[in-house]
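Chemist: Just dropping this structure here.
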Amino acid sequence: MEKFRKSILSKRDPKKPCITLCSGSACHATGSGEVAASIEAEIKKQGVSADVDFRKTGCHGFCERGPIIVIHPEEICYFQITPEDVPEIIAETIKEKKVVERLLYTDPETDEKIIHESDIPFYKHQERLVFGSNGSIDPKSIDDYLAIGGYSALSKALSEMTAEQVLEEVKKSNLRGRGGGGFPAGRKWEGSRNAAEEIKYVIVNADEGDPGAYMDRSLLEGNPHSVLEGLTIGAFAIGAQEGYIYVRQEYPLAVENVNIAIEQAEAYGFLGKNILGSGLDFTVIVHQGAGAFVSGESTALMTALEGRVGEPRPKYIRSNIRGLWSKPSVLNNVETWANVPLIINKGADWFTQFGTEGSKGTKIFSLVGKITNTGLVEVPMGMTLKDIIYKIGGGIPGGKKFKAVQTGGPSGGCIPEELLDLEVGFDELTKAGSMMGSGGMIVMDEDTCTVDVARYFIDFLTDESCGKCVPCREGLRQMLKILTNITDGNGKEGDIELLEDLSEVAKEASLCALGTSAPNPFLSTVRYFRDEYEAHINEKKCPALSCKELISYHIDPDKCQACMICFRKCPVDAVDGAKKKIHVIDQEKCTKCGTCFEVCPSRFSAVQKLSGEPVPDPIPEDARTIVKTSKEK
């Protein structure tokens with residue numbers, strides 16, 4: 001293995017420039033495919049094919065600024081690249097060793113241009129143990145993975161350790177499942193290993209269905225061999241000969257890359273019969289899911305793998321004892337498996353230096369919502385929410401105030417500003433009324449209505465409920481109905497208490513974790529923002545000016561300049577006005593679409609959004625003419 005790795009490295013000049021282009025799904029959506037074609041053509045056109053390497057990599061993380069190019073070994077980082085920028089990059093940076101300043105990151109606080117990727121605040125405050133390789137290797141090249149030490153952990157496990165020693169190292173690391181439950185991986189593996197059944201399975205859960213979350217997808221797209229290596233080590237530890245990767249069909253690039261990785265690993269002897277001469281036989285099968293959110297639940301996923309409708313089943317016996325086809329089955333998500341090679345290579349003691357007492361290692365989050373820097377971030381457990389949002393995320397854009405951050409996906413909870421110093425960890429987030437989940441982190445500003453947020457997520461979960469048990473199927477449906485009434489201005493006294501009762505039943509009596517955690521969006525928002533619920537119900541007002549039925553639009557006569565923009569743009573002709581005539585909104589015609597508010601020039605800000613009953617037109621017809629001085633004319 002080591003000789004083979006050195007032979008690969010001997011053919012690579014570490015001083016030779018290498019252009020790495022983010023080619024994950026997010027950057028594909030912003031044109032990285034066209035940029036790649038331009039780079040390949042321009043390298044040839046400018047005659048530098050022998051002088052530079054080009055590598056299409058996985059997601060670099062800073063999705064807000066894609067497509068992204070990093071040029072090694074100098075680590076020069078360029079953002080938001082277009083095909084038109086490529087000739088200048090090749091001519092200036094590759095040939096002349098000059099930096100193209102206009103493509104560099106500009107620090108918003110200092111206006112300083114930052115050249116190196118590791119110096120950019122978004123990356124500087126991260127600890128990219130699992131995700132870091134995504135930006136430097138071609139996911140379709142096993143040689144790239146081997147060049148950075150890939151499969152050395154598998155080699156070590158098979159040649160220097162027993163299955164029991166591998167298991168003990170994982171247990172000692174206190175690696176907890178990154179898919180949501182946070183169950184210690186070592187204990188789960190131990191249960192399967194000790195089970196009496198001879199046939200056992202290991203499974204990768206890549207059915208990532210949380211709105212706004214795409215960590216597992218990007219990891220599987222950008223570094224599939226790390227997942228396969230971890231899965232194979234797990235198979236060795238528990239005695240499995242067959243593994244499955246359950247990935248949703250909406251992830252075509254992940255499916256393509258992992259299938260290529262499996263073929264390459266089989267060709268190199270890392271999968272198949274007698275792996276690395278150890279006697280271990282192990283094969284991996286990719287199964288594409290139909291996209292049902294509930295199939296992310298362990299028993300529903302296994303039911304779907306068996307060819308049936310993905311519905312949860314009672315866990316009288318845990319799935320690591322009786323899972324897929326009633327055999328012992330270890331199910332972990334993509335990120336959990338990708339941690340395993342690091343633990344085996346560097347040891348549990350190295351791994352446990354990161355994190356809190358109960359949550360070790362790092363965690364990848366998708367940082368999205370009302371945040372300046374959106375993307376994927378990997379931070380050590382124990383970093384505060386405040387540091388993630390402000391040091392890495394760059395704070396709230398537009399001068400708005402932070403209101404809450406929702407963690408843990410649709411079944412998670414909303415954490416308010418007073419808890420921003422909370423350390424990120426499984427137990428800490430649970431105590432705050434939220435959860436780690438798979439790693440979604442949605443930031444909200446002052447314009448977000450937390451009642452409507454609860455309604456949105458309950459709506460999502462109602463739609464995704466499999467309907468097998470009454471507390472989830474009917475309980476969520478009733479919660480959605482009540483929350484919709486509240487946001488429509490039809491809430492009544494006792495609604496909050498009824499929602500709390502329904503939540504308690506769902507948490508106590510639902511069949512699976514989808515149902516037991518589904519009330520979290522409501523419970524967390526009513527815990528920290530009860531005054532908003534009361535304002536909606538008692539005053540028929542939405543303090544955030546978000547709920548459509550509880551707001552109205554009004555034109556301030558003192559600010560209106562009769563510019564006629566809102567008059568022309570209103571889709572239902574609800575604005576009455578003319579040149580030199582103060583505009584007014586006909587509240588009976590107004591559909592509250594917000595167009596007038598959006599198009600009114602900021603220098604005027606004449607259109608106002610108000611909460612409560614519509615404001616009647618206070619301007620007599622004969623007082624609507626605007627008289628301008630000769631200077632204004």
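Chemist: Which of the residues that make up region 497-544 are under 30 Å from GLY310 (Cβ atoms) and small (Gly, Ala, Ser)?
Modeler: SER503, ALA506, ALA509, SER510, ALA513, GLY515, SER517, ALA518, SER524, listed by residue number.
For every residue, the table says whether it meets (1) assigned to a helix (DSSP H, G or I); (2) modelled with pLDDT of 95 or more.
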residue: ALA153; (1), (2): yes, yes
residue: VAL166; (1), (2): yes, yes
residue: LYS171; (1), (2): yes, yes
residue: GLY182; (1), (2): no, no
residue: GLY191; (1), (2): yes, yes
residue: GLU197; (1), (2): no, no
residue: VAL202; (1), (2): no, yes
residue: GLU208; (1), (2): no, no
residue: ASP216; (1), (2): yes, no
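Chemist: Right, something else. Only residues that are of a type in the set (Ser, Thr, Tyr) and modelled with pLDDT of 90 or more: list them for region 299-333, please.
Modeler: THR299, THR303, SER319, SER326, SER329 - these are the residues of region 299-333 that are of a type in the set (Ser, Thr, Tyr) and modelled with pLDDT of 90 or more.
Chemist: With the requirement that a residue be at negative phi, touching a helix residue (DSSP H, G or I) at 6+ places or on another chain (Cβ under 8 Å) and in a loop (DSSP other than H, G, I, E, B), what does region 2-46 give you?
Modeler: ARG12, PRO17, SER23, GLY24, GLN46
Chemist: To continue, here is another question. Consider LYS592 carefully, then state whether it is basic (Lys, Arg), touching a residue at least 40 places away in the same chain (Cβ under 8 Å) and either part of a loop (DSSP other than H, G, I, E, B) or in contact with an Asp or Glu (Cβ under 9 Å, 6 or more places away or on another chain) (or both).
Modeler: Answer is yes for this residue.
Chemist: For region 506-519, what are the residues that are in contact with a helix residue (DSSP H, G or I) (Cβ under 6 Å, 6 or more places away or on another chain) and within 18 Å of PHE457 (Cβ to Cβ)?
Modeler: Answer for region 506-519, where residues must be in contact with a helix residue (DSSP H, G or I) (Cβ under 6 Å, 6 or more places away or on another chain) and within 18 Å of PHE457 (Cβ to Cβ): ALA506, LYS507, SER510, LEU514, GLY515, THR516, SER517, ALA518, PRO519.
Chemist: Within region 226-238, does at least one residue satisfy the condition of being surrounded by fewer than 20 Cβ atoms within 10 Å (Cβ to Cβ) and either touching a strand residue (DSSP E or B) at 6+ places or on another chain (Cβ under 8 Å) or at pLDDT 95 or above (or both)?
Modeler: no
Chemist: Restricting the first residue to region 605-629 and requiring it to be surrounded by fewer than 12 Cβ atoms within 10 Å (Cβ to Cβ) and in a helix (DSSP H, G or I), which pairs with a second residue that is at pLDDT 80 or above and of a type in the set (A, V, I, L, M, F, W, C) meet a Cβ separation below 9 Å and a spacing of at least six or different chains?
Modeler: Final answer for the pair search is ALA623/ILE582.
Chemist: Same structure again: Could you identify the single residue in CYS542, CYS560, CYS566 that is touching a strand residue (DSSP E or B) at 6+ places or on another chain (Cβ under 7 Å), farther than 24 Å from ASP210 by Cβ and assigned to a helix (DSSP H, G or I)?
Modeler: One residue alone meets the criteria, CYS566.
Chemist: So which residues in region 263-317 are assigned to a helix (DSSP H, G or I), surrounded by 20 or more Cβ atoms within 10 Å (Cβ to Cβ) and aliphatic (A, V, I, L, M)?
Modeler: Selection gives ALA265, ILE275, VAL294, ALA300, LEU301, MET302, ALA304, LEU305.
The values are calculated or read from the model by the stated rules, or taken from the named source; none is laboratory data. Keep in mind it's a predicted model, so treat the numbers as computed, not measured. Cβ coordinates were reconstructed from backbone atoms using ideal geometry, including for glycine residues, and neighbour counts include every protein chain displayed.
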